[in-house]
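Have a look at the structure below, then the notes.
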Amino acid sequence: MPDTAAATLLIDGRRHSAPATFDVVDPASLDVLGQAADADVTHALAALDAAAAAARGWADTDPETRSGHLRAAAAEIRARQGELALLLSRENGKPLAEANGELTGGARMLEWAAEEGRRAYGRVTPASAAGPGLVLRSPVGPVLAITPWNFPASMLLRKVGLALAAGCPVIAKPAEQTPLIATALLDIVQATGLPAGVLQSLTTTRPAELVGALLADRRLRKVSFTGSTEVGLGLLRQTGDTLRRTSLEMGGHSPAIVFADADLEAAATGVVTAKFFNAGQSCTAVNRLYVHESVRDDLLALIEKKTAALRLGRGDAEGTTIGPLIDKAGLAKVENQVADAVAKGARVLIGGSRWESGDPALRGHYFRPTVLTGVTADMLISHEETFGPVLAVTTFTGDDEAIALANATDYGLAAYLFGSDLRRVWRALDRLDFGVIGVNDPAPVRPELPFGGQKNSGQEREGGAEGIEAYTETKAVALRF
Ligand code: ADP
């Protein structure tokens, strides 16, 4: 296990403690797992001073050198994956297998950024009478990367990797629930020999105050945020009279559509995976299932069986496939949605209540994996993100009806389609208002694909060629000979 029981700050190439620390809680047992330094505004401004001072030098660094740092960090994460996965599982509560998968995904993202950063090409336009034109790309400058607790490794590595590859210094602001794994990973990136000031880390219990101070400073050129829609929209409103690049990855309310011609076994596995992964605490989690009425009973029988096979417990215990919710508020939200749906006529196919084992090692906030049928549009769960292990099922009769139901949300992050008729799938792909779509694929997030949402789910993309673009400015040059 890395020595991260006490996470410190990283500013200007050096580790700093802070006058105050805060407890990090193991969500499985509610025991204290460690402490993290509680940064204040002075630390935030020192971090920005360091990042601003390092910006020109890092932008001028050979992309191949930047790429080398990221490849070295990815190799180290892969080499230490076992201990890092244990830390991630303990701090976030997710099953070890998922923690391992997240770290592999994070390493792959660093590797992608390492490769793609070397291809941040511009363009040459055909010469007019005056001369040719050039389109140049340059790093945006100091970036603030605000990351959430639900994927505290992959979200962080994605932002840090893409920003560093593009030539931008980074101030990372990990979530207060998960500072230990974030600190361990940022230490690994720093230890590849990054110049001082290129990478900063601020753990804090006062995100609004620190982020507010950074946003008020024009030297900060970009914010990349992953978290709730409420906080993300608040960041946009705080922009004031300083325009800066803002990438937002916010909430979701993902539909899954199962057409009559789907392979039902694969669809049931896909829906259960995309729903209960990370105990449903994922912005790409399936919230709503729309199933064609002709296959409803067969699909639900399969889903019920697969849901019943899930095992609640500590993420780091053998055999656990679903861990605790992150906190009490998360549990209360889930209970409220289930009570509201049942009061309005939904039926509980399986689950439906919290889980209390009586074991002191499992004092956390657990909810049984739950499937609700007969869900209607007037229920809270049909429009409010659940962020917990509850699947809401509705039947449909026509394709257009399914697509209209799927699109009837202010969110637009991920959607899932299960079916074998390519013509029908293609038509749905054209009509669905979502940024990421899995076709017979419950895990549609890949480094080589741009990740991000439409509508209130976000703006700009992470991953793919678009991921590097989001950290660069475009300059048009007109040449006259
Ligand atoms: P969640 O509800 O999933 O915890 P949040 O949006 O509250 O999502 O948190 C995501 C990230 O945003 C975390 O790093 C958190 O510290 C940060 N954050 C929370 N509130 C604010 C705020 N007012 N300003 C800036 N960052 C914030």
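Before moving on, here are some points about what is shown:
- Considering the range 1-98, the qualifying strands (runs of 3 or more DSSP E), each wholly inside and each with 1 or more residues that are of a type in the set (Gly, Ala, Ser) and under 21 Å from residue 170 (Cβ atoms), run over 32-37.
- Near pairs, Cβ below 7 angstrom, 6+ apart or cross-chain, from the range 216-227 (closer than 16 Å to residue 471 by Cα) to any residue that is in a loop (DSSP other than H, G, I, E, B) and within 12 Å of the ligand (Cβ to nearest atom): 226/147; 226/148
- Residue within the range 123-140 that is assigned by TED's automatic domain parsing to the domain that holds residue 33, under 30 Å from residue 209 (Cβ atoms), touching a residue at least 24 places away in the same chain (Cβ under 8 Å) and over 21 Å from the mean Cα position of the chain (by Cα) present: yes
- Selection status of residue 167, within 9 Å of the ligand (Cβ to nearest atom), touching a residue at least 24 places away in the same chain (Cβ under 8 Å) and among the small types (Gly, Ala, Ser): no
- Residues of the range 189-246 classified as assigned to a helix (DSSP H, G or I), within 20 Å of the chain's Cα centre (by Cα) and more than 14 Å from the ligand (Cβ to nearest atom), total: 1
- Hits in the range 82-116 - residues which are among the basic types (Lys, Arg) and surrounded by 23 or more Cβ atoms within 10 Å (Cβ to Cβ): 90, 94
- Out of 266, 260, sole residue that is more than 16 Å from the ligand (Cβ to nearest atom), more than 25 Å from residue 366 (Cα to Cα) and part of a helix (DSSP H, G or I): 266
- Hits in the range 1-58 (condition: polar (S, T, N, Q) and within 22 Å of residue 193 (Cα to Cα)): 4, 8, 17
- Criterion: at negative phi, of a type in the set (D, E, K, R) and touching a strand residue (DSSP E or B) at 6+ places or on another chain (Cβ under 7 Å) - qualifying residue of 466, 473, 448: 473
Results for (1) at positive phi; (2) assigned by TED's automatic domain parsing to the domain that holds residue 278; (3) of a type in the set (Gly, Ala, Ser); (4) in contact with a helix residue (DSSP H, G or I) (Cβ under 6 Å, 6 or more places away or on another chain), shown as yes or no for each residue.
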residue	(1), (2), (3), (4)
145	no, no, yes, yes
167	yes, no, yes, yes
176	no, no, no, no
183	no, no, no, no
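- Extreme residue, surrounded by the fewest Cβ atoms within 10 Å (Cβ to Cβ), among residues of the range 247-256 that are within 12 Å of the ligand (Cβ to nearest atom) and outside any loop (DSSP other than H, G, I, E, B): 248
- Between 268, 285, 182, 208, the distinction of being among the small types (Gly, Ala, Ser), at pLDDT 95 or above and surrounded by fewer than 18 Cβ atoms within 10 Å (Cβ to Cβ) belongs to 208 only.
- Just one of the numbered conditions (1) more than 16 Å from the ligand (Cβ to nearest atom); (2) farther than 23 Å from residue 10 by Cβ is not true of residue 81: (2).
- Selection count, the range 301-325, where residues are aliphatic (A, V, I, L, M), in a helix (DSSP H, G or I) and in contact with a strand residue (DSSP E or B) (Cβ under 9 Å, 6 or more places away or on another chain): 2
- The lone exception for residue 443 - which of (1) of a type in the set (A, V, I, L, M, F, W, C); (2) loosely packed, with under 15 Cβ neighbours inside 10 Å; (3) more than 24 Å from residue 105 (Cα to Cα) it fails: (3)
- Scanning the range 362-378 for residues that are in contact (Cβ under 8 Å) with a residue 40 or more places away in the chain and part of a loop (DSSP other than H, G, I, E, B) yields a count of 5.
- Test: residue in the range 137-154 that is within 16 Å of the ligand (Cβ to nearest atom) and either surrounded by fewer than 18 Cβ atoms within 10 Å (Cβ to Cβ) or part of a helix (DSSP H, G or I) (or both): yes
- Qualifying residue in the range 355-373 (condition: surrounded by fewer than 14 Cβ atoms within 10 Å (Cβ to Cβ) and modelled with pLDDT of 95 or more): no
The values are calculated or read from the model by the stated rules, or taken from the named source; none is laboratory data. This one's a predicted model, so the numbers in the text were calculated from it and none came from an experiment. Cβ coordinates were reconstructed from backbone atoms using ideal geometry, including for glycine residues, and neighbour counts include every protein chain displayed.
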